[in-house]
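Peer 1: I'd like to ask you about the structure that follows.
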Amino acid sequence: NNNNNNLIFSEPIPLITNNLKNILKSFDKWDFNTIELHDECGKFGQYPLFIVGWCALKSLGLFYSLNLKEETVRRFLMEIQLKHDPQNAYHNAIHVADVTQALYYFLHIVGIKKFLQPVEIFAAIVSAFIHDLDHFGVNNQYLINTKHQVALKFNDLSVAENHSLSTAFTLLSSPSHNILESLSTDNAAYCRQLIINLVLATDNSKHFERLGQFKALQISGFNANDQNQRMILLEIALHCADISNPARKLSTSLSWSKRVQEEFWSQGDKEKALGLPVGRFWDRNSDAINIPICQVSFIEFLVQPLYSAFQLFLHQYCPNFSTSEIEENLIQSKLYWADQVVKYKTLNINGTV
């Protein structure tokens with residue numbers, strides 16, 4: 001064991017190196033770089049999701065407050081790490097580790113955990129762990145269009161999200177992996193329901209519905225004693241964490257955008273092979289200007305409205321936290337991609353937009 005920071009560097013993180021320790025020193029910061037962590041882990045056979053998950057649970061004090069069994073958590077996290085397909089360019093264990101750290105930041109550093117019970121904090125972190133579990137590297141519409149077995153199983157409703165939940169709860173049904181085992185019967189049932197609601201809320205098709213609920217909550221005034229309002233807050237926090245890439249510093253954000261674009265193109269390749277229509281953002285042979293247009297649209301229509309609503313909430317209810325770093329990062333990302341659109345138009349690459 002390393003005693004200099006037993007919250008972060010305690011066992012069972014095996015064979016942790018000095019470089020890993022240095023990277024993890026920024027675990028409490030918004031500019032934490034999960035891709036850098038992954039690259040360092042790869043040199044020594046380490047697992048970034050395992051490490052991030054362990055650090056989050058330790059730093060939030062959940063082992064103590066919920067009497068979690070370390071051996072069970074270790075087995076669960078390792079299995080979760082291995083159930084994410086490393087062949088997926090984006091929806092893999094690195095993305096999940098990144099989402100987990102972002103949610104941890106909102107809970108612990110921003111401070112929304114002050115409104116929550118320990119079991120709710122735990123449910124949120126577990127939801128981050130499993131929200132893309134066993135992801136197929138394609139979107140829900142592809143699964144529906146190809147009549148994939150999971151689309152048939154879940155009747156075309158939040159297909160990937162329901163599949164991840166089902167996979168996770170199947171794992172939790174094994175006593176050796178059941179990290180809910182120390183909870184009371186009532187708390188375990190509540191935790192399960194929260195996890196289901198939170199993971200389903202990461203379906204982007206539910207974005208505007210969830211955002212509307214959150215804005216209505218802010219207008220009426222947030223009541224931390226209202227269980228349903230606490231759940232809505234957690235849904236928004238997890239959703240913000242899930243689409244946080246443009247809100248990270250620009251160099252990190254650009255690394256993520258390359259990964260997501262490659263996964264889009266990979267899906268487009270599959271659609272072409274099956275004779276299915278391919279959207280312009282999914283076609284690797286389409287006009288190159290579509291890459292920045294896709295990013296600008298994502299930021300303008302999804303990320304900025306969501307983060308604006310979240311920031312308004314934080315200004316009112318977590319006034320000691322400054323959102324300026326996140327706001328500035330979003331502005332820089334949008335400016336970068338908008339500038340790329342202008343450059344492509346000016347150069348008139350491959351014709352017009």
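The values are calculated or read from the model by the stated rules, or taken from the named source; none is laboratory data. Worth saying up front: this structure is predicted, and the values here are computed from it rather than measured. Quick reminder, even Gly has a Cβ in these numbers, built from the backbone with ideal geometry, and neighbours come from all protein chains shown. Side chains included, ligands, DNA and RNA excluded: accessible areas come from the protein's heavy atoms. Shrake-Rupley method; radii C 1.70, N 1.55, O 1.52, S 1.80 Å.
For (1) of a type in the set (K, R); (2) in a helix (DSSP H, G or I); (3) open to solvent by 40 Å² or more (accessible area, probe 1.4 Å); (4) under 19 Å from D28 (Cα atoms), each residue gets a yes or a no:
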{"site": "F222", "(1), (2), (3), (4)": "no, no, no, no"}
{"site": "Q261", "(1), (2), (3), (4)": "no, yes, no, no"}
{"site": "W265", "(1), (2), (3), (4)": "no, yes, yes, no"}
{"site": "E328", "(1), (2), (3), (4)": "no, yes, yes, yes"}
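Peer 1: Has segment 88-97 got any residue that is over 30 Å from N320 (Cα atoms), out of contact with any Gly (no Cβ under 6 Å at 6 or more places or on another chain), buried (at least 18 other Cβ atoms within 10 Å of the Cβ) and of a type in the set (S, T, N, Q)?
Peer 2: yes
Peer 1: Being part of a loop (DSSP other than H, G, I, E, B), modelled with pLDDT of 95 or more and open to solvent by 10 Å² or more (accessible area, probe 1.4 Å) is the filter here; which residues of segment 27-71 pass it?
Peer 2: D28, K29, D31, N33, L60, G61, L66, N67, L68, K69, listed by residue number.
Peer 1: Right, next: Keeping to segment 119-145, report how many residues are open to solvent by less than 20 Å² (accessible area, probe 1.4 Å) and either part of a helix (DSSP H, G or I) or of a type in the set (D, E) (or both).
Peer 2: 14
Peer 1: So, of the residues in segment 87-104 that are part of a loop (DSSP other than H, G, I, E, B) and within 16 Å of the chain's Cα centre (by Cα), which turns out to be nearest to P175 (Cα to Cα)? Reasoning before the result, please.
Peer 2: Quick first cut of segment 87-104, residues part of a loop (DSSP other than H, G, I, E, B) only: 87-92.
Subset that is within 16 Å of the chain's Cα centre (by Cα): 88-92.
Details: N88: 29, A89: 32, Y90: 31, H91: 28, N92: 26 Å.
If we take residues in segment 87-104 being part of a loop (DSSP other than H, G, I, E, B) and within 16 Å of the chain's Cα centre (by Cα), then N92 is nearest to P175 (Cα to Cα).
Peer 1: Does A247 satisfy being closer than 26 Å to L302 by Cβ, buried (at least 16 other Cβ atoms within 10 Å of the Cβ) and touching a Lys or Arg at 6+ places or on another chain (Cβ under 7 Å)?
Peer 2: Values: closer than 26 Å to L302 by Cβ: yes; buried (at least 16 other Cβ atoms within 10 Å of the Cβ): yes; touching a Lys or Arg at 6+ places or on another chain (Cβ under 7 Å): no.
Here the answer is no, as A247 does not meet what is asked.
Peer 1: Which one is surrounded by the fewest Cβ atoms within 10 Å (Cβ to Cβ), of the residues in segment 98-118 that are over 15 Å from H131 (Cα atoms) and among the β-branched types (V, I, T)?
Peer 2: Filtering segment 98-118 down to residues over 15 Å from H131 (Cα atoms) leaves 105-118.
Narrowing the set further to residues that are among the β-branched types (V, I, T) leaves 109-110, 112.
Details: I109: 16, V110: 20, I112: 25.
Result: I109.
Peer 1: Do you know which residues across segment 158-199 are charged (D, E, K, R) and in a helix (DSSP H, G or I)? I'd like the intermediate steps shown before the answer.
Peer 2: Let us first name the residues in segment 158-199 that are charged (D, E, K, R), namely 161, 181, 186, 192.
E161, D186, R192 - these are the residues of segment 158-199 that are charged (D, E, K, R) and in a helix (DSSP H, G or I).
Peer 1: Within segment 180-211, work out how many residues are over 18 Å from the mean Cα position of the chain (by Cα) and open to solvent by less than 10 Å² (accessible area, probe 1.4 Å).
Peer 2: So the count comes out to 1.
Peer 1: Considering only segment 200-220, I want to know if a residue exists there that is of a type outside the set (K, R), in contact with a Cys (Cβ under 9 Å, 6 or more places away or on another chain), closer than 24 Å to I130 by Cβ and part of a helix (DSSP H, G or I).
Peer 2: No: segment 200-220 contains no residue that is of a type outside the set (K, R), in contact with a Cys (Cβ under 9 Å, 6 or more places away or on another chain), closer than 24 Å to I130 by Cβ and part of a helix (DSSP H, G or I).
Peer 1: Also: Can F281 be described as in contact with a Cys (Cβ under 8 Å, 6 or more places away or on another chain), open to solvent by 10 Å² or more (accessible area, probe 1.4 Å) and assigned to a helix (DSSP H, G or I)? Full working, then the answer.
Peer 2: Working: in contact with a Cys (Cβ under 8 Å, 6 or more places away or on another chain): yes; open to solvent by 10 Å² or more (accessible area, probe 1.4 Å): yes; assigned to a helix (DSSP H, G or I): yes.
Considered against the rule, which asks whether it is in contact with a Cys (Cβ under 8 Å, 6 or more places away or on another chain), open to solvent by 10 Å² or more (accessible area, probe 1.4 Å) and assigned to a helix (DSSP H, G or I), F281 comes out as yes.
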